[in-house]
Amino acid sequence: MKLRVLTYNIHKGFHHLRRKRVLTLMREAIREVHADLVFLQEVLGFDREEDASQLEFLADEIWHHHAYGRNAITSLGHHGNALMSKYPITFFENIDISTNQLERRGILHAKIRIPGAAEDLHALSIHLGLLEAERRSQVRRVCHRIYRMVHRREPLVMGGDFNDWRERASPILEKRLSVIEAHQELRGDHARTFPIWMPSLRLDRIYTRGLGVSDVRVLTGAPWSSLSDHAALYAELDFNSADDAASSMHSRS
């Protein structure tokens, strides 16, 4: 079975250069990808100006199952990470991994029931900090969460803005969690996703364990170039057989 996955930092629904709301255009662009599972960062869970939830607006009639984790409260309302799924979400929890009061960060962890899969899929929408010291601490928190909550036989996908422009996180995650990063697996390096007008920094990632990667793409052209300051990252993942998953995990242990 193929699972189509998208991760996208939506910049609170604003244009990357002008203080102009482009949420409707973002919704149209995301819909065109036909993803089964969408990881979102910088989503306004409550938008004071619109008196509404950006997540509910984006999910609308396409993704009937969604979850939101509040990370920060601002003059605009509050914002955090989110997940939109075409399949039932059986559990979710938001974990605060902030290292200071000024920059609030979190992990939104959900379990998703995929038709025909032997185990529920663990999906984590993640947004790490801007400073390397805090990212090191936050990566340890991610590993600890997965050690505690995800059995090695259960499939896992993590999508998000890792802010890891020095590319320090992947070796740690690969060694400790036996994950692979989708773009690195197929293209040989992490995707350049920021800034959208001239992508040079490799910030956005899709990590997976127990699933294969059959396609991965950075979405940088129209209409994405007129939306957020981040490019979106898309991947097609394949559920392995139980034997294949076990063999893959053993080989990376």
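Points to keep in mind about this one:
- Filtering Glu56, Glu42 for residues that are within 19 Å of the chain's Cα centre (by Cα), at positive phi and not polar (S, T, N, Q) leaves a single hit, Glu42.
- Being of a type in the set (Asp, Glu) and either without any contact (Cβ under 8 Å) to a residue 40 or more places away in the chain or closer than 20 Å to Gly106 by Cα (or both) is a property that holds for Glu181.
- Residue in segment 88-109 that is surrounded by fewer than 19 Cβ atoms within 10 Å (Cβ to Cβ), small (Gly, Ala, Ser) and over 21 Å from His11 (Cβ atoms) present: no
- The set of residues in segment 1-23 that are β-branched (Val, Ile, Thr) and either outside any loop (DSSP other than H, G, I, E, B) or over 28 Å from Val213 (Cβ atoms) (or both) comprises Val5, Thr7, Val22.
- Filter result for Leu58 (surrounded by fewer than 17 Cβ atoms within 10 Å (Cβ to Cβ) and either in contact (Cβ under 8 Å) with a residue 24 or more places away in the chain or assigned to a loop (DSSP other than H, G, I, E, B) (or both)): no
- The lone exception for His230 - which of (1) in a loop (DSSP other than H, G, I, E, B); (2) more than 14 Å from the chain's Cα centre (by Cα); (3) modelled with pLDDT of 95 or more; (4) not acidic (Asp, Glu) it fails: (2)
- Residues satisfying the stated conditions in segment 173-184, i.e. at negative phi and either part of a loop (DSSP other than H, G, I, E, B) or crowded, with 16+ Cβ neighbours inside 10 Å (or both): Leu173, Glu174, Leu177, Val179, Ile180, Glu181, Ala182, His183, Gln184
- Residue match in segment 33-41 (condition: of a type in the set (A, V, I, L, M, F, W, C) and more than 20 Å from Val218 (Cα to Cα)): no
- Taking the listed residues Glu154, Glu236, the one that is charged (D, E, K, R), farther than 17 Å from Val38 by Cα and either touching a Cys at 6+ places or on another chain (Cβ under 7 Å) or in contact (Cβ under 8 Å) with a residue 24 or more places away in the chain (or both) is Glu154, with no other qualifying.
- Of all residues in segment 112-136, none that is in contact (Cβ under 8 Å) with a residue 60 or more places away in the chain and surrounded by 23 or more Cβ atoms within 10 Å (Cβ to Cβ) has its Cβ atom under 7 Å from the Cβ atom of a residue that is part of a loop (DSSP other than H, G, I, E, B) and polar (S, T, N, Q), 6 or more apart or on another chain.
- Boolean, Leu177 is aliphatic (A, V, I, L, M) and farther than 17 Å from Gln138 by Cα: no
- Restricting segment 187-228 to residues that are in contact (Cβ under 8 Å) with a residue 60 or more places away in the chain, out of contact with any Gly (no Cβ under 9 Å at 6 or more places or on another chain) and of a type in the set (Gly, Ala, Ser) leaves a set whose member that is surrounded by the fewest Cβ atoms within 10 Å (Cβ to Cβ) is Ser214.
- Hits in segment 37-87 (condition: out of contact with any strand residue (DSSP E or B) (no Cβ under 7 Å at 6 or more places or on another chain) and among the aliphatic types (A, V, I, L, M)): Ala52, Ile62, Ile73
- Screening segment 95-165 for strands (runs of 3 or more DSSP E) wholly inside it with 1 or more residues that are over 20 Å from Arg176 (Cα atoms) and among the basic types (Lys, Arg) returns the ranges 106-112.
The values are calculated or read from the model by the stated rules, or taken from the named source; none is laboratory data. Only a predicted model underlies this, so the values are computations on that prediction, with no experimental measurement involved. Virtual Cβ from ideal backbone geometry, glycine too; neighbours counted across all protein chains shown.
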